[in-house]
Amino acid sequence: METTYNVVAAVLAALLVAAGLGAIVRAPAVVTNMTRVGVPEKAYLPLALCEFAGAAGLVIGIWWPPLGVAASIGLVLYFVLAIGQHVRTGDVKGSPPAGLLLVMAVAALVVRLASL
């Protein structure tokens, strides 16, 4: 289980860093997606920092499992809320990326808990 967590955590962390950087540099796809669901531009940096914190927690969680559990829980909540915002605003076509990240966050949580 340890190796599985390491792989899931590393892949998810890389995706989170990419998403966070996309928000910081205002990548057109990220801006379009966030604008469609009503995220104000002033929230881009705080949301990116949440993604960076989740990525760091997952990676540090490789060596300190309680932080991996906490980061996974935080990411599950983050992406449940993101999907909720897509659904609330009627942007169903924009929710699959958040859905994939949610599935990965749940997988990280389950595998990390199973390895304790």
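Could you work out what % of the accessible surface of the chain is carbon and sulfur, using a 1.4 angstrom probe and leaving DNA, RNA and ligands out of the count?
After summing per-atom areas, the C and S share lands at 78 percent.
Just name one of A105, A56, G38: the one whose Cα is farthest towards the positive end of the charge dipole of the chain (beta-carbon charges, Lys/Arg +1, Asp/Glu -1).
The one lying farthest along the dipole's positive direction is G38.
Could you give me the ³J(HN,Hα) list for the range 40-53, computed from phi with Karplus coefficients 6.51, -1.76, 1.60 and θ = phi - 60°, whole Hz, x at Gly and Pro?
x, 4, 5, 8, 4, 5, x, 5, 4, 5, 4, 5, 5, 5
Roughly how many Å² is the accessible area per residue of the chain, as a whole number, for a 1.4 Å probe?
53 Å²
Would you please classify the overall shape of the range 34-108 from the alpha carbon gyration tensor, given that a ≥ b ≥ c denote the square roots of the eigenvalues, rounded means a/c under 1.5, and beyond that prolate means a/b larger than b/c while oblate covers the rest?
Note, shape of the range 34-108 comes out oblate.
What accessible area, in Å² to the nearest ten, does a 1.4 Å probe give for Y44?
10 Å²
The values are calculated or read from the model by the stated rules, or taken from the named source; none is laboratory data. From a predicted model like this one, the values you see are computed outputs, not experimental measurements. Here the Cβ is made from the backbone with ideal geometry for all residues, glycine too, and neighbour counts use every protein chain on show. Surface areas here come from the heavy atoms of the whole protein model, side chains and all, with no ligands, DNA or RNA. Shrake-Rupley method; radii C 1.70, N 1.55, O 1.52, S 1.80 Å.
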